[in-house]
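K.L.:
Can you keep this structure in mind? I'll have questions shortly.
The values are calculated or read from the model by the stated rules, or taken from the named source; none is laboratory data. This one's a predicted model, so the numbers in the text were calculated from it and none came from an experiment. Virtual Cβ from ideal backbone geometry, glycine too; neighbours counted across all protein chains shown. We work out accessible area using only protein heavy atoms, side chains counted, and drop any ligands, DNA or RNA first. Shrake-Rupley method; radii C 1.70, N 1.55, O 1.52, S 1.80 Å.
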Amino acid sequence: MKIELKVNGVDRRLEVEPEERLLDILRERLHLTGTKEGCGEGECGACTVIMDGKTVNSCMVLAGQADGHAVTTIEGLGKRGSLHPVQKAFLEEGAVQCGFCTPGMVLSAKALLDRNPHPGKEEIAVAMSGNLCRCTGYDRILKAVERAAGEVEQ
Amino acid sequence: MKKRGRGLGCAWYGTGYGNGFPDVSSAFVEIHDDGSVSVLTGAIDVGQGSSTIFAQIAAEELGIDADEVTVISGDTDTTPDSGTSAATRHTYNTGNAVIKAVTQAKAGLLAYAARALHCTSADGIELKDHRVRVKGEPARSLPLAEVVSQARLDGERFLGSESYTARTTRVNPETGQGSPYWPYAFGCQVAEVEVDTETGNVRVLKVVAAHDLGKAINPLQAEGQIAGGIAQGVGFALLEEVQLSEGQIKNPSLSQYLIPTVLDTPEIHAILVEEPEETGPYGAKGLGEPAMLPTIAAIVNAIDDAVGVRITSLPATPEKILAALAGPSKT
Ligand code: FES
Ligand code: FES
């Protein structure tokens with residue numbers, strides 16, 4: 001089947017198989033490998049992308065369902081030298097260890113801050129609770145999101 | 001009813017392979033003519049931060065910044081073997097190999113610089129702030145990059161290639177004597193929990209963790225490792241169990257084998273205890289694995305403190321806690 005979608009601001013036209021997932025076309029066809037596959041069953045959030053302003057697990061979205069939608073992946077945020085504020089905060093707070101969860105974490109945080117630029121601690125934790133991390137104990141990740149939200153008083 | 005309690009857990013942990021098994025790390029170092037440095041080791045940085053530590057070590061030894069050090073790691077075509085990223089060993093073991101290799105590369109540079117600066121001995125030369133200086137006479141100095149590029153034109157190269165082996169010995173099976181691990185890491189944690197006596201559910205509210213790591217070469221990373229260890233300890237204590245049936249894992253997915261989310265992890269307060277290990281790089285020793293060990297005992301003890309039941313098998317699930325609260329079963 002043919003689908004049309006916007007990925008990181010660029011219009012894409014693709015011929016996809018009905019059983020292909022959004023995750024597959026991002027990684028295998030568009031080579032946007034920043035989106036990770038952790039569990040493939042909607043549990044870990046490593047495959048998080050933003051679709052029309054909302055986070056989705058791209059392993060749970062069929063490519064056909066993304067037809068006509070706008071998708072942002074981690075490649076659509078900052079670049080080396082001009083990082084997105086959430087990416088900068090992750091670096092400054094030391095919120096990255098192995099990095100496997102990081103793209104999904106950053107996108108969940110971005111989607112939250114786009115919706116509410118000044119979330120409280122609880123709201124941050126709830127927004128990030130669909131993203132598993134095995135390395136950091138979440139401590140620095142929460143601090144990074146707070147920092148990005150401008151909540152950290154220095 | 002929700003009841004709170006506190007518990008203490010302590011751990012000691014032998015780092016490295018142990019028991020006389022050859023625990024060897026190797027490193028190659030080159031000082032380049034722009035004053036930058038490359039460090040090659042087989043040590044894989046899986047997120048624990050070893051590459052950052054090696055860059056910091058080389059920078060410290062040579063008076064440059066860590067971002068001027070290129071660390072190339074874990075490429076079997078080009079890097080020397082440094083063993084596995086396991087046993088909490090890279091900062092100590094491979095860190096020592098990096099110091100030795102940098103020292104070797106630096107020895108040639110100091111000897112060359114002594115001649116260039118008309119100093120009688122290499123012992124009189126120091127490397128600081130990107131400069132090569134005569135000790136005690138800051139006016140007699142040259143930029144590091146200039147010295148190295150001049151040396152290059154004179155046909156000199158500043159290279160290091162060294163290995164470090166941890167000093168453990170086999171334990172004598174007759175006497176039990178020996179030095180099975182070197183060094184040991186120590187840690188102690190206090191957990192505060194809230195136990196719901198209706199549901200058996202346990203929430204870990206706060207963990208204070210004090211860990212002896214010899215010297216915190218990178219305190220931010222050290223705190224990160226402690227927090228990560230605590231989250232794994234919470235999972236080990238309350239959630240995680242590999243269920244086997246006739247050799248098959250029954251719960252091989254994240255929907256069946258639950259690990260802590262951000263909502264399950266406590267407030268964490270880390271205390272870095274710096275009791276220098278004399279054989280370690282700047283006194284440092286490992287921290288990674290020990291960080292999760294005291295958490296488990298601290299949580300189980302805190303449950304006991306809160307509701308007076310002793311859980312003796314992990315994980316301490318709500319079912320086990322409710323059963324223990326109901327008292328000994330009458331079968
Ligand atoms: S890979 Fe999609 S949620 Fe884990
Ligand atoms: S940094 Fe490793 S899983 Fe989050």
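K.L.:
Karplus couplings for region B:225-230 from phi (6.51 cos²θ - 1.76 cosθ + 1.60, θ = phi - 60°), rounded to Hz, Gly and Pro as x?
P.N.:
5, 5, 4, x, x, 5
K.L.:
So which GluC sites (Glu not before Pro) in region A:1-31 end up in coil per DSSP with only 16 or fewer other C-beta atoms within 10 Å?
P.N.:
Passing sites in region A:1-31 are A:GLU19.
K.L.:
Same structure again: Based only on Cα atoms, what mean projected area does the convex hull of region B:228-331 have, in nm²?
P.N.:
Its Cα hull, projected and averaged over all orientations, spans 10.5 nm².
K.L.:
Let me ask something else about it. So what's the net charge close to B:SER149: Lys and Arg +1, Asp and Glu -1, counting the other residues with Cβ under 13 Å from its Cβ?
P.N.:
-3
K.L.:
Put one equal scatterer on each alpha carbon of region B:146-248, apply the Debye formula with no solvent term, and list log10 I(q)/I(0) at q = 0.10, 0.14, 0.19 1/Å to two decimals.
P.N.:
-0.66, -0.93, -1.07
K.L.:
Run the quick spin-label model on B:THR78 and B:GLN243: label points 7 Å from Cα toward the beta carbon, then report their separation in nm to one decimal.
P.N.:
Using points 7 Å along Cα→Cβ, the separation is 4.8 nm.
K.L.:
If I build a Gaussian network model for chain A, linking alpha-carbon pairs within less than 10 angstrom, which residue out of A:ALA66, A:ALA109, A:ALA46 has the largest mean-square fluctuation?
P.N.:
A:ALA66
K.L.:
A further question on this structure: Express the accessible area of region A:2-74 per residue in Å², computed with a 1.4 Å probe while the remaining protein chains stay in the model.
P.N.:
Accessible area per residue, region A:2-74: 49 Å².
K.L.:
Where in chain B is the longest stretch that carries no trypsin sites (Lys or Arg not before Pro) classed as loop by DSSP and with at most 10 other Cβ atoms within 10 Å?
P.N.:
Free of exposed loop sites, the longest segment is B:1-309.
K.L.:
Compute the signed sum of charges (Lys and Arg +1, Asp and Glu -1) over the other residues within less than 13 Å, Cβ to Cβ, of B:SER121.
P.N.:
Residues near B:SER121 contribute 0 overall.
K.L.:
On to the next question. Counting only protein heavy atoms, probe 1.4 Å: which residues of region B:261-295 lose 50 Å² or more of accessible surface in the full assembly compared with their chain by itself?
P.N.:
B:VAL262, B:LEU263
K.L.:
Considering the convex hull of the alpha carbon atoms of region A:94-154, report its projected area averaged over all viewing directions, in nm², one decimal.
P.N.:
Projected area, direction-averaged: 3.8 nm².
K.L.:
I'm checking a number: the convex hull volume of the Cα atoms of region A:43-154, normalised per residue, in Å³. What is it?
P.N.:
102 Å³
K.L.:
Next up: Just flag the GluC sites (Glu not before Pro) in region A:89-154 sitting in loop per DSSP whose Cβ has no more than 15 other Cβ atoms within 10 Å.
P.N.:
Answer in residue order: A:GLU151, A:GLU153.
K.L.:
Between their Cα atoms, which of A:LYS36/B:LYS2; A:LYS143/B:LYS215; A:LYS88/B:LYS100; A:LYS143/B:LYS128; A:LYS88/B:LYS3; A:LYS79/A:LYS121 are more than 31 Å away from each other?
P.N.:
Over 31 Å Cα-Cα: A:LYS36/B:LYS2; A:LYS88/B:LYS100; A:LYS143/B:LYS128; A:LYS88/B:LYS3.
K.L.:
Treat every Asp and Glu Cβ in region B:200-254 as -1 and every Lys and Arg Cβ as +1, leave all other atoms uncharged, and give the resulting dipole magnitude about the Cα centre to the nearest 20 debye.
P.N.:
Magnitude of the dipole: close to 180 debye.
K.L.:
Can you give the Rg/Rh ratio of region B:24-165, where Rg is from the C-alpha atoms and Rh is the Kirkwood radius?
P.N.:
Reported Rg/Rh, Kirkwood definition of Rh: 1.01.
K.L.:
Would you kindly calculate the translational diffusion coefficient of the protein assembly as shown, applying Stokes-Einstein with the Kirkwood radius from alpha carbon pairs, for 4 °C and a viscosity of 1.567 mPa s, and quote it in µm² s⁻¹ without decimals?
P.N.:
In µm²/s, the coefficient rounds to 51.
K.L.:
Please compute how much accessible surface disappears when B pairs with A, both sides summed, using a 1.4 Å probe, and round it to the nearest 100 Å².
P.N.:
Looking at B and A, the buried total is near 1800 Å².
K.L.:
Which value, in Å to one decimal place, does the Kirkwood hydrodynamic radius take for chain B when every pair of different Cα atoms is included?
P.N.:
Final number for the Kirkwood radius of chain B is 22.6 Å.
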